[in-house]
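What follows is a set of notes on a single structure, which appears directly below.
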Amino acid sequence: MGFFSKGDNRKKHTEEAQQFLFEGEELEGTYGLMVDFVAFTSHRLLFVDRSVLSKSKSVVVSIPYNKIEEIAIEKTGLLSFSNNIEITIKKETHSLNFLKDTDVMGIYRDLSKRICQ
């Protein structure tokens with residue numbers, strides 16, 4: 001199902017995400033965010049969150065698909081949506097701010113499918 005981000009950072013994001021994979025886990029795609037990237041693997045969602053600590057530091061957040069309780073996308077017009085997807089887990093909500101030309105509805109549908117299986 002490999003979705004991959006467009007642009008020059010795809011290779012960099014793929015390489016960065018691969019270092020967090022465990023044996024038997026497969027990287028299925030990466031998407032560029034305004035600040036960094038998000039990766040879909042065969043088991044979980046990985047993303048870099050710079051807002052958790054500070055602007056000079058970042059953390060890699062790992063959320064198994066079965067722990068995601070809710071996802072949301074803001075509708076901004078009749079047939080348009082924002083570039084943000086909010087992911088809620090028991091503890092908190094994370095906001096993923098995608099790059100301008102990203103197919104955010106495609107990502108939303110893919111993530112919906114993963115959490116509903």
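Here are some notes:
- What the Cβ-Cβ distance of Glu70 and Leu99 gives, at R0 = 22 Å and to the nearest 0.05, is a FRET efficiency of 0.40.
- Note on Met34 and Ser62: the model spin-label points, each 7 Å out from Cα along the C-beta direction, lie 2.8 nm apart.
- One quarter of the convex hull surface built on the alpha carbon atoms of segment 3-116 amounts to 7.4 nm², the projected area averaged over directions.
- Between segment 60-99 and segment 9-23, the alpha-carbon centres lie 21 Å apart.
- Qualifying trypsin sites (Lys or Arg not before Pro) in segment 66-115, where qualification requires a DSSP coil assignment and no more than 15 other C-beta atoms within 10 Å, comprise Lys90, Lys91, Lys100.
- Cα-Cα over 21 Å, subset of Lys11/Lys75; Lys75/Lys100; Lys12/Lys91: Lys11/Lys75; Lys12/Lys91
- Stretching Ile89 away from Ser42 to a fully extended chain increases their span by 15.1 nm, per 0.36 nm per residue minus the current alpha-carbon distance.
- Loop chymotrypsin sites (Phe, Trp or Tyr not before Pro), segment 13-117, which have at most 13 other Cβ atoms in a 10 Å radius of their Cβ (DSSP): Phe22
Since every read-out is calculated from the coordinates, none of them should be taken as a lab result. Remember, predicted model here, so these are calculated numbers, not experimental data. Cβ atoms come from the backbone with ideal geometry, glycine included; neighbour counts cover every protein chain shown.
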